Amino acid sequence: MQFRNRQEILQKKYNKCSQLSGFTYIELLISMLVMFLLFGVGFANYRDFQRREQVQSAARMVLSDLRLAQESALSGRKVCPSTEVLLNYSFQYVDPDTYNISEVCTPIATPIITLIKSVDLQGALFDVNSTFITSADTGGTIRFLPVGKGTNITAGAQRSIILRHSSPSLTSVTETISVFSSGAIVE
């Protein structure tokens, strides 16, 4: 008798386990669709975040290098031979994503130009806004004059350096750095 009850109990447990249970095909499709939508939105947001960070990182690098040129000019530090006179430290953009920091020393007829640093900004366009530049200023070069004499920018004017991502879909991601004739640098 006891054996029979035990056998009945095992048979009931087996019957409960053998019943089919699971998800329907429609439920699986809907859950996969929701996962793909979440992944797509998350990936697009991550790409936008990554591009914003690239532009901000490039702006921090440009700002740092502008301040390096400014500080080097203010201190009168020079790499050229000691017999030469320091004329300026120049910040010059070469192409849409490259700029150079150089030291310029006398003689004036053929100045000695020493390249201090050349930087390639990958993933960001580099643009000099010429709205505030008069014809007396030279293209994309900002010269920091030694011992606090300011810059080559016309008095009362400023030069804006605008960084934006090279992707045409993200024209709103920009960083602007302004350099004034006094030598002040504002982000």
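Could you please find all residues in region 102-124 being in a strand (DSSP E or B), under 25 Å from VAL173 (Cβ atoms), touching a Phe, Trp or Tyr at 6+ places or on another chain (Cβ under 9 Å) and of a type in the set (A, V, I, L, M, F, W, C)? Hit for region 102-124 is VAL119, nothing else. Could you grab me the full set of residues in region 78-89 that are out of contact with any helix residue (DSSP H, G or I) (no Cβ under 7 Å at 6 or more places or on another chain) and surrounded by 12 or more Cβ atoms within 10 Å (Cβ to Cβ)? Scanning region 78-89 gives LYS78, VAL79, CYS80, GLU84, VAL85, LEU86, LEU87. The residues of region 1-59 that are at pLDDT 85 or above and hydroxyl-bearing (Ser, Thr, Tyr), listed by number, are THR24, TYR25, SER31, TYR46, SER57.
Please tell me if TYR99 is within 28 Å of THR174 (Cβ to Cβ), of a type in the set (Phe, Trp, Tyr) and buried (at least 21 other Cβ atoms within 10 Å of the Cβ). So TYR99 passes the test.
Every condition in (1) under 18 Å from ASN152 (Cα atoms); (2) part of a helix (DSSP H, G or I) is met by VAL34 except one, and the failing one is (1). Considering region 48-77, the residues that are of a type in the set (D, E, K, R) and either crowded, with 20+ Cβ neighbours inside 10 Å or in contact (Cβ under 8 Å) with a residue 60 or more places away in the chain (or both) include one that is nearest to ASN152 (Cα to Cα), namely ARG67.
The values are calculated or read from the model by the stated rules, or taken from the named source; none is laboratory data. Predicted, not measured: the structure shown is a model, and the values here were computed from it. Here Cβ is always computed from backbone atoms with ideal geometry, including for glycine, and neighbour counts include all displayed protein chains.
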